[in-house]
Amino acid sequence: MSPRLMLSLSLALWISCCAVTLAEDSFLTRAQDLMKATPLIDGHNDLPWQLRQNFNNQLNKVDLNTLATTHTNIPKIRKGQIGAQFWAAYVPCDTQYKDAVRQTLEQIDVIHRMCSEYPDTFQLATSSKDIEEAFRANKVASLIGVEGGHSIDSSLGTLRMMYHLGARYMTLTHSCNTPWADNWRVDTGADPSKHNGLSAFGEKVIAEMNRLGMLIDLAHVPVKVMNQVLDISKAPVIFSHSSAYAVCPHKRNIPDDVLVRVNKTGGIVMVNFYNDYVTCSTTANLSHVADHFDHIKKVGGADIIGFGGDYDGVPRVPEGLEDVSKYPDLVAELLRRGWTDEEVKAALGNNLLRVMREVEKVSDTMSTTSPDDSPIPYDDVKNPCRTSYGYTVSGAVRSLSTLTLLLVTAFQAVVTLTD
C-alpha cells in the first residue's frame with residue numbers, strides 16, 4: 001500500500017471517529033440542556049439508610065461533599081443534574097411489631113437535618129409547587145417517601161403524623177406482609193398470602209392517603225394489590241422504583257396489563273436501575289435500562305414514565321450508571337434512540353409533577369372529609385409486644401381476668417387464715 005493511500009485511509013478513519021464523537025456529544029449536550037429546563041425527579045434513593053448503617057445518623061461524622069463510599073454525594077448529584085429527589089425513609093422488615101415507628105421517625109428526621117446541614121444544595125419539598133421553586137433556586141427539592149407500610153404499625157394516626165412531618169409517599173409494603181396488605185414475595189411463593197391482597201383496613205389506608213394527598217407507591221406489592229389499588233384509589237398512583245416485567249420477568253417488576261391501567265388512571269412508573277430487575281441477572285448496562293424505558297413507552301405511553309434509580313439501596317447497578325452522576329448519559333441514550341424532547345421532558349419530571357398535582361387536587365376535593373379514626377381490629381395485630389389500650393376486651397380475656405382476680409382473692413384469704 002502506497003504511503004499516500006495509507007494517509008488517505010487514516011484521515012478517513014479519523015474523520016469518521018470524530019463524526020461519531022461529535023454525534024454522541026450532541027446527544028449529551030442536548031440531554032444536559034433539557035435537564036437545565038426540566039427538573040429530573042428521581043423516585044427513590046436510599047442515602048438516608050446509608051447514613052443510618054454507616055454513621056448511625058450522626059451527620060457530624062460525615063461530609064456529603066466528600067463521601068466516597070456511596071452512589072450519592074453532593075458533587076455526584078450536581079454532575080447528574082438531579083432536580084428533585086424522593087429520599088427513602090426506610091427501615092427493615094425485622095423492625096415490624098418492634099420499633100419500626102421510632103426508626104422511621106429517625107429516618108425522616110435525618111432527611112430534615114440533611115436539608116438543614118446543606119441548605120445550599122437541598123431544600124425540603126412537600127408539594128409540586130415546592131419542587132418547582134427549589135429548581136428555580138438551583139437546589140435539589142428533597143421529598144420524603146416512607147418505604148414500607150410496616151412503618152406505620154397499622155395506625156392511620158401514625159400515617160397522618162408522618163404526612164405532617166413531610167412524608168409524601170408511602171410504599172404499601174416492602175418485602176414482608178403487613179397486617180393489612182400482602183407484599184410482592186407472595187407472587188413468588190416465598191411468602192403466603194394473608195389478605196388476598198388488601199384487607200378491609202388496607203382499603204381504609206388507601207382512602208386516607210387519598211384524603212391527605214399522599215402518593216400511593218405500589219413498588220413492592222403483588223399484582224393483586226396493584227389491581228385492587230387501581231380499582232379503588234381516587235388519585236393516580238406511582239411505582240417509585242420498578243421496571244417492566246416483559247423485559248425482565250422478576251416479580252418486583254410490572255406486567256404489561258398493569259402498565260396499560262397505569263396509563264388509563266394517569267399514574268407513573270419510575271424505572272429501577274437494579275441489575276436484578278433490569279436483566280434478571282447480576283450484570284447489566286445502561287442500554288438495558290433504556291430498553292425498559294422503550295418498552296414502557298411502547299405499552300403505556302411516554303406519559304407514564306419516570307426515573308427511580310434505587311441508588312444506595314441495591315448492591316449492583318448497571319455499567320454506565322455507576323452512580324447518580326450518570327443520569328445525563330441515560331437521557332442522552334433515550335435521545336439517541338429517537339425520543340423527542342417533549343417525551344424526555346415528560347420522563348424527566350413533568351409526568352411526576354402532573355401526578356402530584358392530581359393527587360393534591362383529589363385531596364382538595366376531600367378537604368371536608370373527616371380523618372378516618374377507626375382502628376385496625378385488635379385480633380389482626382395482637383402480638384406480645386402490643387398492648388390493647390382502647391380496645392374492647394374480648395369475652396375470653398375478660399373471663400381470664402375475672403378468674404385471675406378470684407384466684408388472687410382466694411390466695412389472700414388463705415394467707416389471712418394462716419396468720
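The values are calculated or read from the model by the stated rules, or taken from the named source; none is laboratory data. Here the structure is a predicted model, which is why all the values come from computation and not from measurement. In this analysis, Cβ positions are derived from the backbone assuming ideal geometry, glycine residues included, and neighbour counts consider all displayed protein chains. Protein only, heavy atoms only, side chains kept; ligands, DNA and RNA dropped before computing areas. Shrake-Rupley method; radii C 1.70, N 1.55, O 1.52, S 1.80 Å.
Worth pointing out:
- Between helix 286-300 and the chain: long-axis angle, C-alpha atoms, 0 to 90°, nearest 10: 70 degrees
- Solvent-accessible area of the chain (1.4 angstrom probe, protein heavy atoms only): carbon and sulfur portion equals 55 percent.
- Note on region 26-379: antiparallel DSSP beta bridges, both residues inside, total approximately 5 percent of the bridges counted.
- Sorted into 10 angstrom bins from 0, the C-alpha pair distances of region 206-270 split as 23, 59, 17, 2 percent.
- Alpha carbon convex hull of region 111-236, projected area averaged over orientations, nm²: 8.1 nm²
- Taking the charge dipole of region 26-379 about its Cα centre, with +1 at Lys and Arg Cβ atoms and -1 at Asp and Glu Cβ atoms, the residue from Val237, Gly300, Trp184 reaching farthest to the positive side is Gly300.
- Ratio Rg/Rh, restricted to region 241-360 and using Cα atoms, in which Rh is the Kirkwood radius: 0.94
- The radius of gyration of the Cα set in region 165-243, together with its Dmax, comes out at 11.7, 36 angstrom.
- Compactness of the chain was expressed as the Cα radius of gyration divided by 2.2 N^0.38 Å, which yields 1.17.
- Cross-link partners of Lys129 among aspartates and glutamates (Cα-Cα below 12 Å; sequence separation of 8 or more within a chain): Glu360
- Note that region 26-379 presents 36 Å² accessible area per residue, ligands and nucleic acids not counted, probe 1.4 Å.
- Overall, the chain carries a charge dipole of about 220 debye about its Cα centre when +1 sits on the Cβ of Lys and Arg and -1 on the Cβ of Asp and Glu, all other atoms neutral.
- Grouping the Cα pair distances of region 30-72 into 10 Å bins from zero gives a pair-distance distribution of 23, 37, 27, 13, 0 percent in increasing distance order.
- Whole-Å distance, taken between Cα centres, linking region 65-106 and region 292-322: 19 Å
- Taking 0.36 nm per residue of separation and subtracting the current Cα-Cα distance, fully stretching the chain between Lys79 and Lys36 would add 14.3 nm.
- For q = 0.16, 0.20, 0.23 Å⁻¹, Debye-computed log10 I/I(0) when each Cα of region 42-160 counts as one equal scatterer: -0.76, -1.11, -1.35
- Based on the Stokes-Einstein relation at 10 °C and a viscosity of 1.306 mPa s, and on the Kirkwood radius from alpha carbon pairs, region 263-316 is assigned a translational diffusion coefficient of 137 µm²/s.
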